[in-house]
Every structure is written in structure tokens, then in C-alpha cells.
Amino acid sequence: MRERKYGLVGSILVIVSVLFVGEAAPSVAIVGNIQYFWWGVLGLAFLVPYALFTSELSVTYPDQSNIYGWITRAFGDKMRTRFSFYYWFNFVLWFTSLALLIPITINVSTETQASDGSILQNGIVTSWQGALISIAFIWITVYFMSTNVRESKFFICTSGFVKLLMAIIIVVLAIQVLCDEGMINYMGVETFLPSFDFVSIAPVTIILFNFIGLEVLTAYIPVIKNPKRNIPLAIAIGSVLSIVLYIVCAFGISLSIPFNEVSLASGIVEAAQMLTHNPESIIVMILTILFILTIFGNFIAWSYGVFGVTKTAALENSLPRVFKSEITRKISGSAFVTGIVATIFVLIATFILESPVDRIWDPNDFFWLFFDLDMTVLFLCYVPLFPAFLKLRKIDPDTPRPFKVPGNRFVLFILGWVPTIVIAFAAIVNLIPEDGSSAELEEKGFELLSGILVVVIGEVLVFLTRRRSKKLANQIKTSQIGDDLTNQTSKDEINKTKINQIDNISTNQMDGIKDNKTEINYADSNSVNQTDNSQPDKPISPFNDDKI
């Protein structure tokens, strides 16, 4: 069977599937023409260094689990535990928000038009029906998120093409409305310049959110042709293409729909309704189906990066063991836990919607509640990325870098710390109420408390991980000491045996010497005796006798 590899075009479509999110285009358009200023400023201050750093790190450390591996190399165990938890939990929040968006989109697409031309908001999905639809979406997606990266190539690439098609449809509809009705919104020069109040700064968060996700491509390295060449090219082309799609969609919407009438949660579908002036048109139905398919594509494309991080973190004891397990032959532990937590969040939101509270919670409120909290946690994940790049350049200069960010130390310092400050600032801005209304204060207060809880959970995991590591280190140390004692005992026994052997040998040798000596003495005695007895009697000389 032919191996399914991602070439340059496939890698670009992965980037488009990750970056371009349909529900975010109207969210940017609603802020008006000031969006174009922030696209340019944030593109230079954040996207350019982010793309350059990600390209270098991806081809320099291809064996690591993308950003998790880079941060671990640079900052060690504490930071990797925090990051792995934040990275996974932000994915759960985003998963929950878009799961809640599915029934909202269905309700919008099934609205009817009254005789006077107004749109009747009489969607067919109730709260509990919507919960069942959201939960069904969650578990269908969980199944597909557990497939092999090669098996999902067709789905991810198709999702990228569908997003291009959706953008083209919106632009064509906007041009048609512009030709028939003229320009809807005022487009004076002053509307493109920021006033630097909170309203004009608010778009920073949603635009930054649209930039993030380039490092997910590193999860596809085993199935990318010539990754050292194609990854940097795909990141550059895919990020630019995604931003162009956002700007074109937002520009088309802003030309033909009043800014104050753009819906936030229902995304491109409601924009198509307003552009066609017919909520029941076939184009709206087609866009609804395509939009839901692209949401599937978003999660499947992201899941390989996120679950690669969670599995590696679990293997290194930074996350619970379930994240490295296989629940069934088709569902991984990471996907299963993600589905469980997202399902719980959907049920909690539905119970609140159905409970007799003083304030009626709209499903759109819950979508934005989870989506805003997701952005805050996501921004926290990426704060250490740029300092990690700078540190790896310092502590690991000898590792070959097939792609290297140009510039001296001062240039790299600017490229590293400017985006760090920007994304930390965005995390703070995202928690500040815009208009100070009681409803928004309540929502932002909940997000702030939830963000604090996430940080606390992360620190608890850090503590447990350190304790587990110390315990494991002590066990290893104790085991080594035991082995050393055992080895020493064995050595002593061997030495004792050798000494006994030497003593025995010495004793035997001494006994042998004594025996030999006795034999020699006995032999000498016998020899003397034998000599005396063997001599004849000496004759007496007559001469001597006479003389005597």
C-alpha cells in the first residue's frame, strides 16, 4: 500500500486548517476598520517572529513534541508540567465552545423569514436537544481524533480546501451586495486609525488567537516529504494565506453588513444570511454544512499536536497516566479524557440554561464564556515560547540548524521579547470588561476566577510531579545503594574465599615442605648409615706398628 505523505501543498493545507477558524472572521469584522491596523501591527510584532522561531525549532528538534519539547529543553520539569496542562486544557475549552456552537449554527440556519422581510428567530433545537447534538459532535470528533495521521490526510486537506471555498463564497456575496446596494459602512480614513482606548485595543486578543497554531505542523514530521525544506515554506505560505482569508472575509462582511449587526457566535452562516437577505437560501444551507465540516477539520488537525504533547507529558510523569494509555483500539487516552471533560462542561452549561435563575443565559453567552477563557489559557501557554528559543540558542549553539533565523543577538532579543510582551498583554486584556455592564462584569469575573483555578491546578500538578520525581529518584538511589551493598558483599565473599584458598594453599605448601624436609633428612641418614656399613676394614701396616 502506498504511504500517504504530505507534500508542500498538503503541509500548507494543514496550516490553513489549524489557523483559519470560520467563527473568528465575523468576530474581527465587528470591530470595524480598526482591525486592519491591528492585522498589520500584530503581524509584524507577533506573527513574523513566531513563524521564524517555529520554523527554526521545528527542523532543529524534530524529535521533540513541538513546543512542549522546546520549553522542556530550555526550562526543565516545572515549566513543562505547567505548559502541558495549559496546552491540553485550552484545547478542552475550545472543544467545548465549538461543540456548543453546532446547535447554535443549526438554529441560525433553520430560521425563517417573515412577510415583512425580517428574520424570525425560531430555531428548531431546544436546550437539551442542543446538548445531545453537542455531545454527539464531541464523541464523533473524539473517534476521528484517534485515527492515524496518515489516515486523516484526506479529511484535513479537504477541510483546508473547504475553508478556501467558504471565503470565496463570502467574498462573492459581499461584492454582489456592494454592487447592488453600495457601501454600507462609513470608510473614512479616521476609521482605520486607533484611538487607543479599550474598544480599539480589544481586537488584539481575537487577532492573536487567529495567529496561533503554527507549531502543530511538527506533529506531522514523520509523514511530511523533505520536512527540512517543506516545514519552513509551509509555515510561511500557510500563515500568510490564512491571514489573507481572514482579512478578505472580514472586509467583505464590513462592506455589506453594518458593524453593529454582525453576529459573533453564529459566524459565517449568519453573515451569509444577511448578505443573501434570505435565511432559507440554498447557499446558507451549503455554508452551514461546510462550516460544520471545517470545525471537524480544525479539531482533527489540532489534535495530533495536542495529544502528542499530552502523551509525551504522561510518559514523563507530568500528566496522569491515562493520557498515555489506549482506552480502546480506536480511542486514545488523551482523546477519551478530552471528550469526558468537554461533555461535563456541556452538561453543566445546559443545566444552567434550564435552571430557574434570575438572569436568562443565552447559548451564545456560554459559547463566548468558554471561548474567552480558552484564549486566556492559550496565551499563557505561549508566553515561555520566545524566551525558550533565546535560551536554546545560548545553551545549545552546536546543534545543526537547517533553517536559522537571521540576525545578531540584539535582533534576536527584540524578536524574542516583543511578542512575549504582546501575548502577555493580550492575556490580561482578555479579562478586562469592555463596557462595565453588570452582565459583562459577571462574565469576566467568572473567567478571572476560572483562570486563577486553572493556574492553581497547574501548580498542584507541578508539586505532585516534583514529589513523584523525588520519590522515584530516592527509589532509584536506594536500589543503587542496595545493588552496591550486594556487589560489595559479593566482593567480600569472593575475597574471603580467595584468602581461604590462599591459606589452604599455603598450609598445603608448608606441609609439603615439612614432608619434603623430613624425607630429605631421612634420606640423608640412610645414606650415611649405608656409607659406614659398606666400608671394608683398614689393614695395619707393619711399618706403623713397629714404629708405634
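The values are calculated or read from the model by the stated rules, or taken from the named source; none is laboratory data. As the structure is a prediction and not an experimental result, all values here were calculated from the model. Cβ: placed from backbone, ideal geometry, glycine included. Neighbour counts: every protein chain shown. Please note that ligands, DNA and RNA were not included when accessible areas were found on the heavy atoms of the full protein model with its side chains. Shrake-Rupley method; radii C 1.70, N 1.55, O 1.52, S 1.80 Å.
For the range 322-338, enumerate the residues that are open to solvent by 40 Å² or more (accessible area, probe 1.4 Å), assigned to a helix (DSSP H, G or I) and either without any contact (Cβ under 8 Å) to a residue 12 or more places away in the chain or farther than 23 Å from Phe463 by Cα (or both).
Phe336
Mind checking which residues of the range 432-456 are open to solvent by 80 Å² or more (accessible area, probe 1.4 Å) and closer than 13 Å to Leu369 by Cβ?
Glu442, Phe446, Leu448, Leu449
Looking only at the range 54-90, which residues are among the aliphatic types (A, V, I, L, M) and closer than 18 Å to Phe379 by Cα?
Ile67, Ile71, Met79
Kindly indicate whether Ser84 is among the small types (Gly, Ala, Ser) and within 20 Å of Leu208 (Cβ to Cβ).
In short, no.
Need the failing condition index for Asp503 against (1) surrounded by fewer than 14 Cβ atoms within 10 Å (Cβ to Cβ); (2) at pLDDT 85 or above; (3) on the phi < 0 side of the Ramachandran plot, just the number.
With respect to (1) surrounded by fewer than 14 Cβ atoms within 10 Å (Cβ to Cβ); (2) at pLDDT 85 or above; (3) on the phi < 0 side of the Ramachandran plot, Asp503 is out only on (2).
For the range 305-316, does any single residue satisfy the condition of being modelled with pLDDT of 80 or more and outside any helix (DSSP H, G or I)?
There is at least one residue in the range 305-316 that is modelled with pLDDT of 80 or more and outside any helix (DSSP H, G or I).
Counting only residues that are open to solvent by less than 20 Å² (accessible area, probe 1.4 Å) and at pLDDT below 85, which one in the range 344-371 is farthest from Tyr87 (Cα to Cα)?
Phe366
Look through the range 418-433, keep the residues that are of a type in the set (Val, Ile, Thr) and under 10 Å from Thr376 (Cα atoms), and return whichever of them is modelled with the highest pLDDT.
This residue is Ile423.
Taking interchain pairs and intrachain pairs at least six residues apart, which have beta carbon atoms under 9 angstrom, with the first residue in the range 43-59 and farther than 14 Å from Asn210 by Cα and assigned to a helix (DSSP H, G or I) and the second of a type in the set (Phe, Trp, Tyr) and open to solvent by 20 Å² or more (accessible area, probe 1.4 Å)?
The qualifying pairs are Leu52/Phe403; Ser55/Phe403; Glu56/Phe403; Ser58/Phe403; Val59/Phe403.
Please verify whether Trp70 is open to solvent by 10 Å² or more (accessible area, probe 1.4 Å), touching a helix residue (DSSP H, G or I) at 6+ places or on another chain (Cβ under 6 Å) and either under 29 Å from Asp197 (Cβ atoms) or part of a helix (DSSP H, G or I) (or both), treating the condition exactly as stated.
No: the conditions fail for Trp70.
Can we say Phe403 is in contact with a Lys or Arg (Cβ under 9 Å, 6 or more places away or on another chain), among the aromatic types (Phe, Trp, Tyr) and either more than 23 Å from Thr81 (Cα to Cα) or not in a helix (DSSP H, G or I) (or both)?
yes
To keep it simple, each residue is scored yes or no on (1) closer than 30 Å to Ile283 by Cα; (2) open to solvent by less than 10 Å² (accessible area, probe 1.4 Å); (3) assigned to a helix (DSSP H, G or I).
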site	(1), (2), (3)
Thr158	yes, no, yes
Asp180	yes, no, yes
Ile184	yes, no, no
Thr191	no, no, yes
Pro194	no, no, no
Val204	no, yes, yes
Phe209	yes, no, yes
Ala219	no, no, yes
Ile231	no, yes, yes
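The conditions are (1) surrounded by fewer than 16 Cβ atoms within 10 Å (Cβ to Cβ); (2) modelled with pLDDT of 90 or more; (3) out of contact with any helix residue (DSSP H, G or I) (no Cβ under 6 Å at 6 or more places or on another chain), and Pro402 fails exactly one of them. Which is it?
(3)
Give the residue that is modelled with the lowest pLDDT, with candidates limited to residues of the range 67-104 that are basic (Lys, Arg) and closer than 20 Å to Lys324 by Cα.
Residue satisfying both the conditions and the ranking: Lys78.
Can you name every residue in the range 1-31 that is at pLDDT below 80, surrounded by 21 or more Cβ atoms within 10 Å (Cβ to Cβ) and not β-branched (Val, Ile, Thr)?
Of everything in the range 1-31, those that are at pLDDT below 80, surrounded by 21 or more Cβ atoms within 10 Å (Cβ to Cβ) and not β-branched (Val, Ile, Thr) turn out to be Gly22, Glu23, Ala24, Ala25, Pro26, Ser27, Ala29.
Scan the range 286-307 and tell me whether some residue there is within 17 Å of the chain's Cα centre (by Cα), open to solvent by 20 Å² or more (accessible area, probe 1.4 Å), polar (S, T, N, Q) and closer than 20 Å to Arg80 by Cα.
Scanning the range 286-307 turns up no residue that is within 17 Å of the chain's Cα centre (by Cα), open to solvent by 20 Å² or more (accessible area, probe 1.4 Å), polar (S, T, N, Q) and closer than 20 Å to Arg80 by Cα.
What pairs can you find where one residue is in the range 417-441 and free of Cβ contacts under 8 Å to residues at least 12 places away in the same chain, the other is in a loop (DSSP other than H, G, I, E, B), and their Cβ atoms are less than 7 Å apart, with a gap of 6+ or different chains?
From residues that are free of Cβ contacts under 8 Å to residues at least 12 places away in the same chain, the pairs are Glu440/Pro433; Glu440/Glu434; Leu441/Pro433.
Identify, by number, the condition in (1) more than 24 Å from Tyr220 (Cβ to Cβ); (2) aliphatic (A, V, I, L, M); (3) more than 14 Å from the chain's Cα centre (by Cα) that Val337 doesn't meet.
Here Val337 clears every test but (1).
Of Gly130, Gly117, which residue is at pLDDT below 90, more than 19 Å from the chain's Cα centre (by Cα) and open to solvent by 30 Å² or more (accessible area, probe 1.4 Å)?
Gly117
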